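Notes for the one structure printed next.
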Amino acid sequence: MSQASIRTALLAVAVVTGASLSQAQAQPVKVGLAMDLSGPFAVGGAEAKAGFAVAMKQLDGKLGGVPVEFVEADTAGNPDLARQVVERMLLRDKIDLFTGPVGSSVALAVGPPLFAAKVPYLSSNTGPSDYSGAKCNPYFFGASYPNDAYHEAAGKFASDKGFKKVALIAPSYPGGKDAASGFKRNFKGAVGDELYTKLGQLDYSAEIAQIRASKPDALYFFLPGAMGVSFIKQFVGAGLSKDVALISTAFSADEDMIPAVGEPMLGLFNTAHWSYDLDNAANQRFVAAFRQQNNGRNPSFYAGQAYDVLMAMDAAVRDAGGKVADKPALLKAIKAAKYKSVRGDFSYGANNFPIQNYYLRVIGKDASGRITNKVIGTVLQNYQDSSAAKCAMKS
């Protein structure tokens, strides 16, 4: 991205102010929302924005009863731009809390300035293995999941299913490398080809030819957003799905992608820590509100996570008595997670990542004929990611 484009994006940072009280009554809480609304993670970024919008409406412009100002920016999935945007939020806007990025590379870029400024970062999506392990930080909360755990769940499913040889394909960036490492950690069979593609790649003819030649029993793919849409269409169109089972995670097989792919998605197994059909009151409330605000469509996990993070912030500000400048109290309140999550009950481990369930889903048709996901089992229960052992934090 050119310096001119970066300067333009920085100037586009906008402040959206919720319902206001007088300065004498309460200082507003400022929340940085750095979303990937363009670039390789734009599909997930758009879904996250829709999830944030549902929470904002329900919270009526407040967090924990305190007025809130949202400082929004598009980081375009670009780590350099994202870091500059966040530094601007810290210096000019004096944000108190932060969330938003979809990609691991962006999270790794913006973490250091946030940690140095002692601003809590509640990730509404990515949970890089560095942050769940050796580079864990008291100011980073992997509020959704640790990267490795999703893929560890998929690896366990592939082993339980009895696949003997599995090929892997993922983009060549931190999230893609975490995907392959996590899958291999719990898969007991043989790993064939490991294919790493360019981030944002849309033509997979060469990779599909290589997969055809290697003849695996199954293929595990981690290709979020438009990358996954293109890959599935090309893979099924090439006839490989007749002989090679497809396994993925919610990143590449959720409600945001299904309408763009259609019938080729049928029968695809994927793992997730959340699904719109989980049976709990908080989830039902969110799903109903999302459908009402989005023409009846089902939310993706990106939307569910974004909604959950603002609800987590609401509870933390409330339990800290609105005193967001009291960092020890705010961190303690965040970690307590005293709110009703759309995923159901969970707790944070010592590395500030969730201990939670991971589910197996399959894509089929509901009673109305709509192609959608359905939870069919629990792969890992109350699971702590494997990177936690490398984290020096003890509580």
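Structure data summary
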| read-out | value |
| --- | --- |
| Scope the stretch 164-191; condition open to solvent by 30 Å² or more (accessible area, probe 1.4 Å) and either under 22 Å from residue 241 (Cβ atoms) or of a type in the set (Gly, Ala, Ser) (or both); matching residues | 164, 165, 172, 181, 189, 190, 191 |
| Candidates 329, 325 - the one that is in a loop (DSSP other than H, G, I, E, B), open to solvent by 30 Å² or more (accessible area, probe 1.4 Å), modelled with pLDDT of 95 or more and among the aliphatic types (A, V, I, L, M) | 325 |
| Leading residue by the ranking (surrounded by the fewest Cβ atoms within 10 Å (Cβ to Cβ)) among those in the stretch 100-157 that are hydrophobic (A, V, I, L, M, F, W, C) and under 21 Å from residue 253 (Cβ atoms) | 157 |
| Enumeration of residues in the stretch 59-76 that are part of a loop (DSSP other than H, G, I, E, B) and either in contact with a Leu (Cβ under 6 Å, 6 or more places away or on another chain) or over 16 Å from residue 318 (Cα atoms) (or both) | 75, 76 |
| The stretch 196-216: number of residues that are surrounded by fewer than 22 Cβ atoms within 10 Å (Cβ to Cβ), at pLDDT 95 or above and closer than 18 Å to residue 151 by Cβ | 2 |
| Residues within the stretch 77-99 that are open to solvent by less than 50 Å² (accessible area, probe 1.4 Å), in contact with a Lys or Arg (Cβ under 7 Å, 6 or more places away or on another chain) and either within 19 Å of residue 136 (Cβ to Cβ) or not in a helix (DSSP H, G or I) (or both), tallied | 2 |
| Helices (runs of 4 or more DSSP H) (entirely within the stretch 216-305) containing at least 2 residues that are closer than 14 Å to residue 47 by Cα | 258-261, 281-293 |
| Index of the failed condition, residue 349 passing every other in (1) within 21 Å of residue 135 (Cβ to Cβ); (2) modelled with pLDDT under 95 | (2) |
| From the options 163, 157, residue that is over 20 Å from the mean Cα position of the chain (by Cα) and assigned to a loop (DSSP other than H, G, I, E, B) | 163 |
| Filter result for the condition that a residue is open to solvent by less than 10 Å² (accessible area, probe 1.4 Å), modelled with pLDDT of 95 or more, in contact with a Gly (Cβ under 7 Å, 6 or more places away or on another chain) and hydrophobic (A, V, I, L, M, F, W, C), over 54, 68 | 68 |
| Residues that are out of contact with any helix residue (DSSP H, G or I) (no Cβ under 6 Å at 6 or more places or on another chain), outside any strand (DSSP E or B) and open to solvent by 30 Å² or more (accessible area, probe 1.4 Å), drawn from the stretch 340-385 | 345, 346, 350, 366, 367, 368, 369, 370, 384 |
| Residue check for residue 226: within 17 Å of the chain's Cα centre (by Cα), open to solvent by 30 Å² or more (accessible area, probe 1.4 Å) and small (Gly, Ala, Ser) | yes |
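The values are calculated or read from the model by the stated rules, or taken from the named source; none is laboratory data. Since this is a predicted model, take the numbers as computed values, not measurements. Please note: Cβ atoms are built from the backbone with ideal geometry, for glycine as well, and neighbour counts cover all protein chains shown. Ligands, DNA and RNA are stripped out before the accessible areas are found, and what is left, the full protein with its side chains, is counted by its heavy atoms. Shrake-Rupley method; radii C 1.70, N 1.55, O 1.52, S 1.80 Å.
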